[in-house]
Protein chains: 2
Amino acid sequence: MIDYTQLLKDYNLKVTPQRVAIVNELHNKGHINIDDLFHSLKSTFPSISLATIYKNINAMLEKFFVAEVKIPNAKSVYELTKELHSHLVCKKCNKIEDISLNTASLINEATKKSNFKLEDISVVFSGVCQECSK
Amino acid sequence: MIDYTQLLKDYNLKVTPQRVAIVNELHNKGHINIDDLFHSLKSTFPSISLATIYKNINAMLEKFFVAEVKIPNAKSVYELTKELHSHLVCKKCNKIEDISLNTASLINEATKKSNFKLEDISVVFSGVCQECSK
DNA sequence: CTGACTGCAAACGTTTTGCACGGTA
DNA sequence: TACCGTGCAAAACGTTTGCAGTCAG
């Protein structure tokens, strides 16, 4: 289990049991939406409130400690910030997987074809995962 | 001005002045969010309601006549469905442009590296447009 | 003429805010 | 101790629904 305590401190976020639980859940699940996160934490913290979840996720988003992933036809999910990667979403079971792809040539092409100074790229694939296509 | 009347009929949507205005606005602006669409149409239809906007956009989405584009850190925008393309978003002025890119090799790479049967791809670039970077 | 569409108002789900209490540093 | 975080309740949003009147086909 990775210790995120120091990371919370580095970002000037006080280390509370709720925050540690949120970070652990993000780490374990990889990607999770607000409602699932709330219900997961309810078992450990029966009195936790949605307001606490929102306040903390927003605080972590502001520190770029956590990132939001917007998914076509589904609720946004949150993940711990990591190196650039793309996402695969299963249309049947809604599972989300990370995938590392070489987007350099696509960024290159977009740079040549547009007049934008590009800074970020978001790539989300939708399809059917192996289990669901059996 | 392209005539979308027949297209509305083809999709079994009655041709009302509000619908024609919505389609024209989507055509003219390229991409627009619900609120901007509502305020644009207010000048022509002072008594138009948000409910009408939502009902129509949802009807058009169901017919795959209009598509939703989810944008990082911004409201979703809607566009008339066209051939596969990617989007460029300006972080300063929020302008959105279409860009046609060759995503075949990226899809190919994702297919090889994953166990998903891929069906769709969404690519959104964020950056600064030429005017805003002056 | 009939079913579909519009606009209003109310309902609903999600997210944010204010405040008193409690916990971290 | 001083501040920050939590949890509750209320408020603020964005979106959907029900309904009566109107319009397109």
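Restricting B:ASN73, B:ASN102 to those that are within 10 Å of chain A (Cβ to nearest Cβ), surrounded by fewer than 12 Cβ atoms within 10 Å (Cβ to Cβ) and either basic (Lys, Arg) or under 27 Å from A:LEU118 (Cα atoms) (or both) reduces the list to B:ASN102. For A:PRO72, the stated conditions do not hold, so it cannot be described as within 12 Å of DNA strand C (Cβ to nearest atom) and either touching a residue at least 24 places away in the same chain (Cβ under 8 Å) or on the phi > 0 side of the Ramachandran plot (or both). The residues of segment B:1-35 that are surrounded by fewer than 12 Cβ atoms within 10 Å (Cβ to Cβ), within 21 Å of B:VAL69 (Cβ to Cβ) and over 16 Å from the mean Cα position of the chain (by Cα) amount to a single one, B:ILE2.
Kindly indicate whether any position in segment B:61-69 is within 11 Å of DNA strand D (Cβ to nearest atom), farther than 25 Å from B:GLY127 by Cα and surrounded by 12 or more Cβ atoms within 10 Å (Cβ to Cβ). Looking through segment B:61-69, at least one residue is within 11 Å of DNA strand D (Cβ to nearest atom), farther than 25 Å from B:GLY127 by Cα and surrounded by 12 or more Cβ atoms within 10 Å (Cβ to Cβ). Restricting attention to segment A:49-66, the residues being more than 14 Å from chain B (Cβ to nearest Cβ), among the hydrophobic types (A, V, I, L, M, F, W, C) and either without any contact (Cβ under 8 Å) to a residue 24 or more places away in the chain or more than 9 Å from DNA strand C (Cβ to nearest atom) (or both) number 5.
Residue-level analysis places B:LYS95 among those that are within 12 Å of chain A (Cβ to nearest Cβ), charged (D, E, K, R) and farther than 29 Å from A:LYS91 by Cβ.
For segment B:97-134, the tally of residues that are over 17 Å from A:GLN130 (Cα atoms) and either outside any strand (DSSP E or B) or among the acidic types (Asp, Glu) (or both) stands at 15.
Per the listing A:PHE45, A:PHE38, the residue uniquely away from chain B (no Cβ under 12 Å), within 15 Å of DNA strand C (Cβ to nearest atom) and surrounded by fewer than 16 Cβ atoms within 10 Å (Cβ to Cβ) is A:PHE45. Just to be sure I understand, how many residues within segment B:14-35 are without any contact (Cβ under 8 Å) to a residue 24 or more places away in the chain and near DNA strand C (Cβ under 7 Å from one of its atoms)? The total comes to 2. When A:TYR78 is evaluated against the numbered criteria (1) outside any loop (DSSP other than H, G, I, E, B); (2) hydroxyl-bearing (Ser, Thr, Tyr); (3) within 14 Å of DNA strand D (Cβ to nearest atom), which criterion, by number, is the only one it fails? Unmet condition: (3).
Rule-based calculations on the coordinates, nothing more; no lab input. Predicted, not measured: the structure shown is a model, and the values here were computed from it. Glycine gets a Cβ as well: all are built from the backbone with ideal geometry, and neighbour counts include every protein chain shown.
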